[in-house]
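See structure below.
The values are calculated or read from the model by the stated rules, or taken from the named source; none is laboratory data. For clarity, every value in this text was computed on a predicted model and none was experimentally measured. With ideal geometry, Cβ positions are generated from the backbone for all residues, glycine too; neighbour counts draw on all protein chains shown.
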C-alpha cells in the first residue's frame with residue numbers, strides 16, 4: 001500500500017522558497033558540491049525506477065545522459081542556498097512528485113511522522129538523523145504561505161461532511177490523508193457515516209488530495225462501508241540497488257532475498273508490463289491488499305469517488321484500489337499516479353547534509369500497467385474543477401443525476 005507515513009505531494013505546491021541555508025559549518029566548496037551531486041547521481045542510477053517512464057512522458061528527456069550539464073550548472077552556484085535550489089531543479093527533471101529535496105518544514109514533519117513507529121522506519125530515521133542533516137536543517141529557514149499543516153502537524157479543517165439532494169446523498173470531502181489527522185478526523189467521519197446509512201449514494205471527494213497515509217482510508221473508511229472482504233492484487237518491481245535494500249530490511253525485516261527474481265514475472269502474464277522491467281530491474285513482489293469489514297454500517301447504496309490530476313501517492317492508492325475492486329465508481333479526471341508501493345527512500349548527502357527523497361520501486365496494477373505512467377482513469381470522465389457551491393460543482397451534479 002503506497003506511502004504509509006508522510007507522502008504529501010501537494011506540500012510542494014505550498015512551499016515558496018528555501019529562506020536560507022545558513023548553518024554552523026562553512027560554505028560548501030565547489031568540490032564538495034560536485035561530490036554531493038555525484039553521490040546523488042549514483043544512488044539514483046542504481047535505484048530509481050522511472051528513467052524510461054520519464055523519457056516516454058516527457059519528450060525523451062534522458063536524465064542520466066545530462067550528468068555533465070548538471071555538473072556545469074552546479075559549478076556556477078555561488079552559495080549553499082543556490083546549490084540546494086539547483087539540486088531541486090535537477091531532480092525536477094525527473095518529473096516525479098516523490099523525488100525532490102526536503103526543505104525545513106518537510107524535514108521536521110518527516111522526522112515526527114517516522115518517529116511514531118521507529119522500529120519499522122529505522123532506515124528513514126537513520127538518514128534523517130544523520131549528524132550532517134541535523135546541523136544543516138537546524139540552521140535552515142523556510143517560508144511558506146498557505147501550507148495545510150498546523151503547528152501540531154495536523155491539517156486544519158481537513159474534512160467536510162454534508163447531506164445533499166434532499167437527503168438522498170451524502171458528501172464527504174477530504175483535503176489530505178494526513179497521518180496526524182486520522183484520530184481527530186475519524187471522530188467526525190465515523191459518526192457521519194453511521195448517520196447516512198439510508199442514503200442512496202455516498203460521494204467521497206479527494207480532488208486536490210496529494211496523499212499522506214493509506215491507513216486513513218484502508219483501516220477506517222473502507223472497512224466501515226463494506227460487508228464482505230475486498231481484495232486487490234498489484235505488483236512491485238525493484239531495481240535491486242544496495243541503497244534501497246536497506247529500506248526493505250528496515251520495513252520488512254528482509255532484503256531482496258525473499259523477493260522473486262524478475263525473470264519469474266513472465267509467469268504472471270502481465271499484458272501491459274513496461275519493456276524496461278525485464279532489462280533494468282532485478283526483483284519483484286506480488287502485493288495483495290485484503291480489507292475486511294470492521295464496524296461496518298453495511299452500506300447498500302452506491303459509492304462514488306471524485307478524482308483529478310492532483311490525486312497522488314496515498315490518495316492515488318485509494319483510487320487504484322477502488323478501480324481494482326469496484327469499491328467505488330470514479331468520477332472526474334485522470335489521477336496523478338504513483339500510488340502503488342511504499343514510502344520514498346530518503347538520502348542525506350555526505351558534505352552538505354541536504355536530504356533528498358525518491359521513489360524506490362515501480363508499482364504496477366493487476367495487468368502490469370505502471371501506475372506512475374498510466375495513472376488511474378475515471379469510470380466517468382467529467383470536469384473535475386472543484387466548486388465550494390456543490391450546486392455548481394459539475395462532478396457532484398453528475399453523480400446526483402446518476403442516482404436519480
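Annotations for the structure displayed:
- So residue 194, is it more than 25 Å from residue 359 (Cβ to Cβ), part of a strand (DSSP E or B) and either over 19 Å from the mean Cα position of the chain (by Cα) or modelled with pLDDT of 95 or more (or both): no
- Failed item in (1) more than 14 Å from the chain's Cα centre (by Cα); (2) at pLDDT below 95, with residue 342 passing the rest: (1)
- Residues that are touching a strand residue (DSSP E or B) at 6+ places or on another chain (Cβ under 9 Å), surrounded by 21 or more Cβ atoms within 10 Å (Cβ to Cβ) and farther than 30 Å from residue 65 by Cβ, drawn from the stretch 93-113: 104, 107, 110
- Selection count, the stretch 1-60, where residues are in contact with a helix residue (DSSP H, G or I) (Cβ under 8 Å, 6 or more places away or on another chain), part of a loop (DSSP other than H, G, I, E, B), modelled with pLDDT under 95 and closer than 17 Å to residue 313 by Cβ: 8
- Scanning the stretch 354-377 for residues that are surrounded by fewer than 24 Cβ atoms within 10 Å (Cβ to Cβ) and part of a loop (DSSP other than H, G, I, E, B) returns 365, 366, 367, 368, 369, 375, 377.
- Whichever residue in the stretch 67-88 is touching a helix residue (DSSP H, G or I) at 6+ places or on another chain (Cβ under 8 Å), in a helix (DSSP H, G or I) and without any contact (Cβ under 8 Å) to a residue 60 or more places away in the chain and, among such residues, is surrounded by the most Cβ atoms within 10 Å (Cβ to Cβ): 70
- The number of residues in the stretch 160-173 that are in contact with a strand residue (DSSP E or B) (Cβ under 8 Å, 6 or more places away or on another chain) and surrounded by fewer than 19 Cβ atoms within 10 Å (Cβ to Cβ) comes to 6.
- Just one residue in the set 391, 351 is at pLDDT 95 or above, within 26 Å of residue 87 (Cβ to Cβ) and not in a strand (DSSP E or B); that residue is 351.
- Of all the residues in the stretch 288-307, those that are surrounded by fewer than 18 Cβ atoms within 10 Å (Cβ to Cβ) and either in a strand (DSSP E or B) or in contact with a strand residue (DSSP E or B) (Cβ under 7 Å, 6 or more places away or on another chain) (or both) number 4.
- Selection from the stretch 319-340 of residues that are crowded, with 24+ Cβ neighbours inside 10 Å, touching a residue at least 40 places away in the same chain (Cβ under 8 Å) and within 23 Å of residue 50 (Cα to Cα): 319, 320, 321, 335, 336, 338, 339, 340
- Note on the stretch 310-328: among residues that are in contact with a strand residue (DSSP E or B) (Cβ under 9 Å, 6 or more places away or on another chain) and part of a loop (DSSP other than H, G, I, E, B), the one that is nearest to residue 96 (Cα to Cα) is 313.
- No other residue among 220, 272, 266, 209 is under 21 Å from the mean Cα position of the chain (by Cα) and surrounded by fewer than 22 Cβ atoms within 10 Å (Cβ to Cβ) apart from 220.
- The requirement of being out of contact with any strand residue (DSSP E or B) (no Cβ under 9 Å at 6 or more places or on another chain), over 30 Å from residue 172 (Cβ atoms), assigned to a loop (DSSP other than H, G, I, E, B) and modelled with pLDDT under 95 is fulfilled nowhere in the stretch 145-157; no residue meets it.
- Condition check for residue 258: surrounded by fewer than 18 Cβ atoms within 10 Å (Cβ to Cβ), more than 23 Å from the chain's Cα centre (by Cα), in contact (Cβ under 8 Å) with a residue 24 or more places away in the chain and over 21 Å from residue 378 (Cα atoms): no
- Residue-level check: of (1) more than 30 Å from residue 29 (Cβ to Cβ); (2) surrounded by fewer than 23 Cβ atoms within 10 Å (Cβ to Cβ), residue 350 misses just (1).
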